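Structure record follows, encoded as structure tokens.
The values are calculated or read from the model by the stated rules, or taken from the named source; none is laboratory data. Keep in mind that what you see is a predicted model, and the values were worked out from it rather than measured. Reconstructed Cβ throughout: ideal geometry from the backbone, glycine too, with neighbour counts over all protein chains shown. These accessible areas exclude ligands, DNA and RNA; they are computed on the full protein's heavy atoms, side chains included. Shrake-Rupley method; radii C 1.70, N 1.55, O 1.52, S 1.80 Å.
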Amino acid sequence: MTTRRFLQLDVFAPRPGTGNPLAVVLDADGLDDAAMQAIARWTRLPETTFISAPTVPGASYRIRMFAPQKEVPFAGHPSVGSAHAVLEAGLATPVDGQLIQDGIAGPLPLRIHTQDGVRTIAIRTPRASVAEVVTADDARLQPAIHGWPLGELPPALMEGGRRWWVVEVADEASLRGLAPDWEAIATLAEATGAMGVFAYARSSGEGYQLVVRAFVGNGRRFEDAASGAANAVLAAWLDERGALPGSGKRYTASQGREVGHDALLELSIDEHGEVWSGGQVQTVIQGTIDW
């Protein structure tokens, strides 16, 4: 066994216990795929990441991401949380305010911003595109959203590394009160190669302009506490339709209250049309792992 540095973080969290948990194994050189998968299965967290020396010139570090069941090519909250872990451990220094993550999805930049002692980290997500735009009575989609009071934009199937159905609900109260039909969502996800349904509604609440819920029906059936990648896919859809909330192509989304969390995610679209997804990260556990 080798002793390696280990952290457990809370991502997209303004305070501990509100975001999406993540385990990070630093000094991961020497761990093979089977060992990384075994550690991720053992932590039982949504994802566990493994940090090692970069393999791409100019990158700050190499990252591998594993859910308990399989390796994940890209996800937002593990990317943002791992950048926080690297900075906390002193393994990399931002250049012009950015780190470069070397992973399966290719080199991706992360912006580091600190104001009044509060650090936020945002990743430029892989570019998303519209796969389909449908009506609410689409035979594949309709059973999953039956009875939902819908908003103005049509439902769409978005492709952004992972596929998501994005569905606007009429208002925040209606969205927060939804009881998902898990069988119908799983059937939809399987039939269309999607993760599930990412539902959203406009909000006039303090501190956020959008409220979202991620109903995952692909494999496990669960509601995600805070998803940086899914929120980025939605931001791309809203930008494509000229329907971004907030001002200056920047807004904050609330996610996770319905499953006992209270995450805040910051989304922005840059001058090149790229989507950045980020927020605050809290360190909860620091220690070592022997494996």
Hey, what number do you get for the chain at 222 nm if only DSSP H runs of n ≥ 4 count, each worth -39500 (n - 2.57), divided across all residues, to the nearest 500? -6000 deg cm²/dmol
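Count the net charge of all other residues whose Cβ sits under 10 Å from the Cβ of Gln69, scoring Lys and Arg as +1 and Asp and Glu as -1.
Working: positive: Arg41, Lys70, Arg220; negative: Glu71.
The answer is +2.
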Equivalent ellipsoid semi-axes for the stretch 67-193, as square roots of 5 times the alpha carbon gyration tensor eigenvalues: give them largest first, rounded to whole Å. 35, 18, 14
Test of understanding: in a Gaussian network model of the chain with alpha carbons linked when under 10 Å, which of Pro143, Pro109, Pro21 would top the mean-square fluctuation ranking? Pro143
What is the ratio of the Cα radius of gyration of the stretch 89-138 to 2.2 N^0.38 Å, where N is its residue count, to two decimals? 1.74
Calculate the spin-label point distance for Val134 paired with Ala243, positioning each point 7 Å from the Cα along the beta-carbon direction, and give it in nanometres. 1.6 nm
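Ignoring ligands, DNA and RNA, what percent of the 1.4 Å accessible area of the chain is carbon and sulfur? Could the numbers behind the result be given before it?
Values: 5950 of 12360 Å².
Whole-percent figure for carbon plus sulfur exposure: 48.
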Taking every pair of distinct Cα atoms and averaging 1/r, then inverting, what Kirkwood hydrodynamic radius in Å comes out for the stretch 178-291? 15.4 Å
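What is the diffusion coefficient of the stretch 1-108 in µm²/s, taking the Kirkwood radius over Cα pairs and the Stokes-Einstein relation at 25 °C with a viscosity of 0.890 mPa s? Don't skip to the answer; put the middle values down first.
Working: Rh = 13.9 Å.
So the translational diffusion coefficient is about 177 µm²/s.
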Under 5 Å between amide H atoms, partner at least 5 residues away or on a different chain: which partners does Val167 have, H built in plane at 1.01 Å? Phe198, Ala199, Tyr200
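Go through the stretch 5-114 and name the trypsin sites (Lys or Arg not before Pro) that are in a DSSP coil and have 13 or fewer other Cβ atoms within 10 Å of their Cβ. If you can, show how the numbers build up before the last one.
Values: sites: Arg5, Arg41, Arg44, Arg62, Arg64, Lys70, Arg111; in loops: Arg44, Lys70.
Sparse-neighbourhood loop trypsin sites (Lys or Arg not before Pro): Arg44, Lys70.
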Considering only DSSP beta bridges with both partners in the stretch 136-198, what is the antiparallel share in %, to the nearest 5? 75 percent
Per residue solvent-accessible surface (Å²) - the stretch 1-134, probe of 1.4 Å: 43 Å²
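Could you grab the Rg to Rh ratio for the stretch 120-173? Cα atoms only, Kirkwood for Rh. Working shown, then result.
On the way: Rg = 13.3 Å, Rh = 12.6 Å.
Here the Rg-to-Rh quotient is 1.05.
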Potential extension, Ala35-Ile285 segment - 0.36 nm per residue separation minus Cα distance: 87.9 nm
Which distance in nm do the two modelled labels at Asp116 and Val95 give, with both placed 7 Å along the Cα-to-Cβ direction? 3.3 nm
For the chain, build the convex hull from the C-alpha positions and give me its volume per residue in Å³. 126 Å³
How far, in nm, would the chain grow between Arg250 and His146 when pulled straight, counting 0.36 nm per residue and subtracting the alpha carbon separation? 34.3 nm
Out of Gly17, Ala173, Ala156, whose Cα points farthest toward the positive end of the dipole of the chain (charges: +1 Lys, Arg; -1 Asp, Glu; placed on Cβ)? Gly17
Fully extended contour minus Cα-Cα distance, from Glu258 to His272, at 0.36 nm per residue: 1.6 nm
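Within the chain, which is the longest segment containing none of the GluC sites (Glu not before Pro) that sit in a DSSP loop and have at most 12 other Cβ atoms within 10 Å?
Working: sites that count: Glu152, Glu206, Glu271.
It runs 1-151.
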Check each of the chymotrypsin sites (Phe, Trp or Tyr not before Pro) in the stretch 149-218 and keep only those in coil by DSSP with at most 14 other C-beta atoms within 10 angstrom; list them in order. none
